[in-house]
1. What number results when the radius of gyration of the chain, computed over Cα atoms, is divided by 2.2 N^0.38 Å?
2. Let me know the charge dipole size of the chain about its Cα centre in debye, to the nearest 20, where only the beta-carbon of Lys, Arg (+1) and Asp, Glu (-1) is charged.
3. Can you return the lysines within cross-link range of LYS29? Criterion is Cα-Cα under 24 Å, with same-chain partners fewer than 8 residues away left out.
4. How large a share of the accessible area of the chain, in percent, is made up of carbon and sulfur atoms when the probe is 1.4 Å and the other protein chains stay in place?
5. Where nothing but the Cβ of Lys and Arg (+1) and of Asp and Glu (-1) is charged, how large is the charge dipole of region 65-141 around its Cα centre, in debye to the nearest 20?
6. Please enumerate, by chain and number, the aspartates and glutamates with C-alpha under 13 Å from the C-alpha of LYS25, excluding those fewer than 8 residues away in the same chain.
7. Please list the equivalent ellipsoid semi-axes of region 15-89, computed as the square roots of five times the alpha-carbon gyration tensor eigenvalues, in descending order and whole angstrom.
8. Where only protein heavy atoms count, and the probe is 1.4 Å, what is the accessible area per residue for the chain in Å²?
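The values are calculated or read from the model by the stated rules, or taken from the named source; none is laboratory data. Since we're looking at a predicted model, the values are computed, not measured. Virtual Cβ from ideal backbone geometry, glycine too; neighbours counted across all protein chains shown. Only protein heavy atoms, including side chains, enter the accessible area calculation; ligands, DNA and RNA are left aside. Shrake-Rupley method; radii C 1.70, N 1.55, O 1.52, S 1.80 Å.
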Amino acid sequence: LSSQNVPQYLLDSELCTQEDFGNLKIEPKHLKNFNLLVSLRDRQKLLVKQERRGQNGQTANEFFNEWQFHQLLQKFPELDALTASVSEVVHFDETDSIMIYKYLVDYEDLEVFYARQEHLFPTTIAASIGKILATLHRQTLNREDCCEFISQTPEGKNRVVFGNPAQP
């Protein structure tokens, strides 16, 4: 997708209407993948992430793994408290490796924040991320149903592999 055709893609995917394009602004966000930040009316924003394809025309299926994580949070109600800590996925196009998130109005890229803080990373952010990961771990530890869900990977997809940090 490009700045020229992303509005039509959003319309075709029924993620917005023509009226939402009132104050349309599209900014490229070149991070690991080619992303577009789409600003719509009423300060609503969408982040359109596109996974790059290698020389063989294939992707690393990283978006499938992200999607599977979001599905895990939806499938198991006891993980519901964690949904407030992750960006909301509003669309996943597995065929074209496109993932679209709601983008918070007051969001700031961590890289920009870090640079503005003169490369000092507040321990409160690290502690918050650690707390979220600990909650996920506590809620899924020794849960065969969660492990089975995550290990169900369609043919041809890379499976998420979680290492055990306690083992060398």
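1. Normalised Rg, Cα atoms only: 1.16.
2. On the way: 17 positive and 24 negative charges, 86 e Å.
Computed charge dipole of the chain: roughly 420 debye.
3. By straight Cα distance, LYS29 reaches LYS45, LYS49, LYS102.
4. Roughly 51 percent of what the probe reaches on the chain is carbon or sulfur.
5. My answer is approximately 400 debye.
6. ASP42
7. Ellipsoid half-lengths, sorted descending, are 25, 22, 10 Å.
8. Solvent-accessible surface per residue comes out at 67 Å².
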